[in-house]
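FYI, it's all coordinate maths here, none of it is from the lab. Predicted model only: the values in this text are computed from it and were never measured. All Cβ positions, glycine included, derive from the backbone under ideal geometry; neighbour counts span all protein chains shown.
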Amino acid sequence: MMESVRTTTKTIERPEVRDQNSTDDDTPKFFHYVKKNKIVESAVQGNMVVALCGETFPVTKQAKPGSPVCPDCERIYKGLRKK
């Protein structure tokens, strides 16, 4: 006679993971400094751009005046400017 073996499976809930560079309405948390000629190319062709801070991403939104700027990009940009 065969014995029946019963196993139970538990479901482990995964915590919600959020992209730290965006907010709830799909607006980036920070806007980054990127070479001007790469912005249009990325927006049209979907190419990735590299910001001054080293972050890579496709351009999907345009920054408006007063938008929050990546602190690392801003620090690097100010260091590049001639006084």
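A few comments on the model shown:
Rundown of residues vs (1) small (G, A, S); (2) surrounded by 10 or more Cβ atoms within 10 Å (Cβ to Cβ), yes/no style:
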site: A43; (1), (2): yes, yes
site: L52; (1), (2): no, yes
site: P58; (1), (2): no, yes
site: P65; (1), (2): no, no
site: D72; (1), (2): no, yes
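- Residues (without any contact (Cβ under 8 Å) to a residue 12 or more places away in the chain and either at positive phi or not in a helix (DSSP H, G or I) (or both)) located in the stretch 28-53: N47, M48
- Scanning the stretch 54-69 for residues that are within 11 Å of H32 (Cα to Cα), part of a strand (DSSP E or B) and either touching a Gly at 6+ places or on another chain (Cβ under 7 Å) or not β-branched (V, I, T) (or both) gives a single hit, F57.
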